[in-house]
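The structure appears below as C-alpha cells.
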Amino acid sequence: MYQPVKIAPSLLSADFMRLGEEVAMIEAAGAGFVHIDVMDGHFVPNLTMGVPLLKSLKPATSLVCDVHLMIDNPLTEIPWFIEAGADLVNVHAEVLTEEELVRAVAMIHEAGCKAAVALKPKTPVSALAPVIADLDMALVMSVEPGFSGQSYIAGSDRRVAEAAALARAAGNEAMLIQVDGGIGEVTAPLVAAAGADVLVCGNAVFKAADPAAALQTVQAAA
C-alpha cells in the first residue's frame, strides 16, 4: 500500500499477431508487471489465454508475470500456471470457500510464488479477511470481469481504501493493492490516492496511438 505506482498492461488488449513486440514495448516503456487474463468461459463469459501462452511468454520478458485466474477451478489449475512460469497468481474469492481460499494461498506460497486474491465489484471486501494477513496483493475489480474496454465503476476507489484499511488492521502493510478495469489517465489518480499500487491498463495503453507514451502518462497521473 502507498508504494510507487506500477503499471500492469493487460495482454487482453494487445495485438496477438505481434505479442512479442508488444511485451518488449511495454517493458521498455517502464511497465512493472504484465497482466495475463485467464478466462474459462464459465466463471466469466469469455475464453482467453492459457498455459501455452504463459510458457512462451515467460522466457521473453523480465516483467512480473501476473496471472489473473478468472476460472471456476483454481485449485486444480494453480500448479499448471506456476509450472508455466507465473510469478504471481491471482485467484477469485467468489469461487472458493474460506477453507479453499486459505488452501489456495498456501499452495501458491509453497511453490515459491506470490499470492493474490481478486474481488468482483459486488463482492464485499471483507471476503479477503480469512487470508488478508498472508496476501502479497489484493485485486479490486473496477469492472465486471470478462471483457476489455469497459468503463470504470464509480466508487471503486472506496473499495480500494477499504482493502487498504483491512490490510493495515491485519498488520500486512506490505500487501500491494491492484485495480483492474477502466483505468486510464482520469481514473488512475482516484484509485492511487485511495491506496492502489498496481494499475491494470488494457485499452488505455495498447489501443493508444503511442502505447509507450500512454503507459507513462497513466503512471505519471497516478
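The values are calculated or read from the model by the stated rules, or taken from the named source; none is laboratory data. Note that this is a predicted model, so its numbers are computed, not measured. All Cβ positions, glycine included, derive from the backbone under ideal geometry; neighbour counts span all protein chains shown. Side chains included, ligands, DNA and RNA excluded: accessible areas come from the protein's heavy atoms. Shrake-Rupley method; radii C 1.70, N 1.55, O 1.52, S 1.80 Å.
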- [ ] Within the range 59-77, work out how many residues are in a helix (DSSP H, G or I) and either among the acidic types (Asp, Glu) or open to solvent by 30 Å² or more (accessible area, probe 1.4 Å) (or both).
- [x] 5
Task: Residue that is most open to solvent (accessible area, probe 1.4 Å), among those in the range 119-145 that are part of a helix (DSSP H, G or I) and not β-branched (Val, Ile, Thr) - done: 134
Open item on the list: Being farther than 27 Å from residue 214 by Cβ and either under 17 Å from the mean Cα position of the chain (by Cα) or among the small types (Gly, Ala, Ser) (or both) narrows it down to one residue among 153, 183, 177, 132; which is it?
Closed with: 132
Task: Which numbered condition residue 116 fails, given (1) modelled with pLDDT of 95 or more; (2) part of a loop (DSSP other than H, G, I, E, B) - done: (2)
- [ ] State whether the residues of the range 78-98 include one that is closer than 19 Å to residue 202 by Cβ, open to solvent by 20 Å² or more (accessible area, probe 1.4 Å), modelled with pLDDT of 95 or more and in a helix (DSSP H, G or I).
- [x] no
Open item on the list: Six or more apart or on different chains, Cβ atoms under 6 Å: show the pairs whose first residue is in the range 119-137 and in contact (Cβ under 8 Å) with a residue 40 or more places away in the chain and whose second is open to solvent by 20 Å² or more (accessible area, probe 1.4 Å) and outside any loop (DSSP other than H, G, I, E, B).
Closed with: 125/159; 125/162; 132/166; 136/114; 137/176
TODO: Count, please, the residues in the range 146-177 that happen to be in contact with a Pro (Cβ under 9 Å, 6 or more places away or on another chain), open to solvent by less than 20 Å² (accessible area, probe 1.4 Å) and either on the phi < 0 side of the Ramachandran plot or polar (S, T, N, Q) (or both).
DONE: 1
- [ ] Could you grab the pairs with beta carbons closer than 6 Å, sequence gap of 6+ or different chains, first residue in the range 70-92 and under 25 Å from residue 123 (Cα atoms) and of a type outside the set (Asp, Glu), second one at pLDDT below 95 and surrounded by fewer than 21 Cβ atoms within 10 Å (Cβ to Cβ)?
- [x] 70/43; 70/44; 71/40; 71/43
Task: Check on residue 31, within 17 Å of residue 210 (Cα to Cα), at pLDDT 95 or above, within 16 Å of the chain's Cα centre (by Cα) and assigned to a loop (DSSP other than H, G, I, E, B) - done: yes
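Does the range 19-27 contain any residue that is among the charged types (D, E, K, R), touching an Asp or Glu at 6+ places or on another chain (Cβ under 7 Å), in a helix (DSSP H, G or I) and surrounded by 13 or more Cβ atoms within 10 Å (Cβ to Cβ)? Step through it out loud before you land on a result.
Restricting attention to the range 19-27, the residues satisfying the condition of being among the charged types (D, E, K, R) are 21-22, 27.
Going one step further and asking which of them are touching an Asp or Glu at 6+ places or on another chain (Cβ under 7 Å), we end up with 22.
With in a helix (DSSP H, G or I) added as a condition, the list becomes 22.
Cutting the leftovers down to surrounded by 13 or more Cβ atoms within 10 Å (Cβ to Cβ) gives us 22.
Among the residues of the range 19-27, at least one is among the charged types (D, E, K, R), touching an Asp or Glu at 6+ places or on another chain (Cβ under 7 Å), in a helix (DSSP H, G or I) and surrounded by 13 or more Cβ atoms within 10 Å (Cβ to Cβ), which makes the answer yes.
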Open item on the list: So, in the range 178-221, exactly how many residues are aliphatic (A, V, I, L, M), open to solvent by 60 Å² or more (accessible area, probe 1.4 Å) and assigned to a helix (DSSP H, G or I)?
Closed with: 3
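With the structure loaded, tell me whether residue 160 is part of a helix (DSSP H, G or I), touching an Asp or Glu at 6+ places or on another chain (Cβ under 6 Å) and not charged (D, E, K, R) or whether it fails that test. Steps first, answer last, please.
Numbers: part of a helix (DSSP H, G or I): yes; touching an Asp or Glu at 6+ places or on another chain (Cβ under 6 Å): no; not charged (D, E, K, R): yes.
For residue 160, the condition - part of a helix (DSSP H, G or I), touching an Asp or Glu at 6+ places or on another chain (Cβ under 6 Å) and not charged (D, E, K, R) - is not met.
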